[in-house]
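Participant: The following block contains the structure, expressed as structure tokens.
What follows is calculated from the coordinates using simple rules that are stated; it is not laboratory data. All values derive from a computational prediction rather than experimental measurement. Cβ atoms come from the backbone with ideal geometry, glycine included; neighbour counts cover every protein chain shown.
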Amino acid sequence: MSTNEQGATELVDQSRVGVRAVRDHLARALASGAYGPGARLPTERALAAKLAVSRSVVRDALTVLEMEGRVVRIVGSGTYAGEAPAPRPSDWSPRLASPAEILDARAVLEPAIIRRAVVTATASDLERIEEAWRRGSAADGLEDFEGWDAAFHEAIVGATHNSLLEAIYASVTQARRQAEWGELKRRSLTTERRAHYAGEHGEIVRALRARDAEAAERSATAHLRTVRANLLGT
């Protein structure tokens, strides 16, 4: 990754952290009754100045709160506190998933997906999976490793040749790009752990190559337990 690309990635990560922080700050204020139902919130400019962030960060945070039903934005008038009804499925975004939720979803999906991939994977599918594993094993930094790690799991899903499974798993991949997940990875991913993950991926590759569904599922489950223990300590 070039210096410019790395800088751009860092700026994106910082922006995501800022959006989440502003969203959480305003959500707490709304929950505390600081802004009662129908009350008008300060302007984007005022919030940006108060919280020392850019207006775009405030705007994105308000978008998340609007999706959650906590605020209502009226063009030309302002932003108003809402009743915060229970989120509807259409309001959900992968950006709102916690690391624990991401890992729970992966624990449900990936063992079943890999069993299917054992049956449906073509020779070219197996090559893509193995290539992602090799590139991840040789990755220099966290961003490179995380990219190939995601590609490895996406290639396994792709090997099912089931477009609905691919669409469902795309939400998992998107959730993994959020700031909170990235921060956990940065704090937990030592050189030794990266090597261990690569070894576990290798076990998965070998099970897929052998068309051994039991070994593939067992290896996938063991890998997810390792990731969970390293990220959450549970």
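Participant: Please report Rg over Rh for segment 94-232, where both radii come from the alpha carbon positions and Rh follows the Kirkwood definition. Intermediate results must be reported in sequence, preceding the final value.
Facilitator: Numbers: Rg = 13.8 Å, Rh = 14.9 Å.
Taking Rg over the Kirkwood Rh, I get 0.93.
Participant: Follow-up. What does the charge add up to near residue 139, with Lys and Arg as +1, Asp and Glu as -1, over the other residues with Cβ less than 9 Å from its Cβ?
Facilitator: Values: positive: 135, 194; negative: 140, 143, 144, 146, 149.
So the environment of residue 139 carries a net charge of -3.
Participant: Can you tell me how much longer the chain between residue 101 and residue 170 gets when fully stretched, taken as 0.36 nm per residue apart minus their C-alpha distance, in nm with one decimal? Let's see the in-between values first.
Facilitator: Details: separation 69, 0.36 × 69 = 24.84 nm, distance 1.48 nm.
In short, 23.4 nm is gained.
Participant: Please say if the chain is rounded, prolate or oblate, where rounded means a/c under 1.5 for a ≥ b ≥ c the square roots of the C-alpha gyration tensor eigenvalues, and otherwise the choice is prolate for a/b larger than b/c and oblate otherwise?
Facilitator: prolate
Participant: Additional query: Length gain on complete extension for the stretch residue 183 to residue 74, per 0.36 nm per residue less the alpha carbon to alpha carbon distance?
Facilitator: Details: separation 109, 0.36 × 109 = 39.24 nm, distance 3.45 nm.
Between residue 183 and residue 74, full extension yields 35.8 nm more.
Participant: Further, regarding this structure: Can you tell me how much longer the chain between residue 195 and residue 59 gets when fully stretched, taken as 0.36 nm per residue apart minus their C-alpha distance, in nm with one decimal? List each step's numbers first, then the result.
Facilitator: On the way: separation 136, 0.36 × 136 = 48.96 nm, distance 4.04 nm.
Separation in residues times 0.36 nm, less the Cα-Cα distance, equals 44.9 nm.
Participant: Another question, then. Only counting other Cβ atoms within 10 Å, I'd like 156, 74, 168 sorted with the fewest neighbours first.
Facilitator: Details: 156 28, 74 9, 168 14.
If I rank by nearby Cβ atoms, fewest first, I get 74, 168, 156.
Participant: Using helices alone, what [θ] at 222 nm do you get for the chain, with -39,500 (n - 2.57) per DSSP H run of 4 or more residues, divided over all residues and rounded to the nearest 500? Please report the intermediate quantities before stating the final value.
Facilitator: On the way: 10 runs with 167 residues, N = 234.
Only helices count here, giving -24000 deg cm²/dmol.
Participant: Excluding residue 27 itself, calculate the net charge of residues whose Cβ lies under 13 Å from the Cβ of residue 27, where each Lys or Arg counts +1 and each Asp or Glu counts -1. Before the final figure, lay out each step's value.
Facilitator: Working: positive: 20, 23, 28, 70; negative: 24, 66, 68.
The answer is +1.
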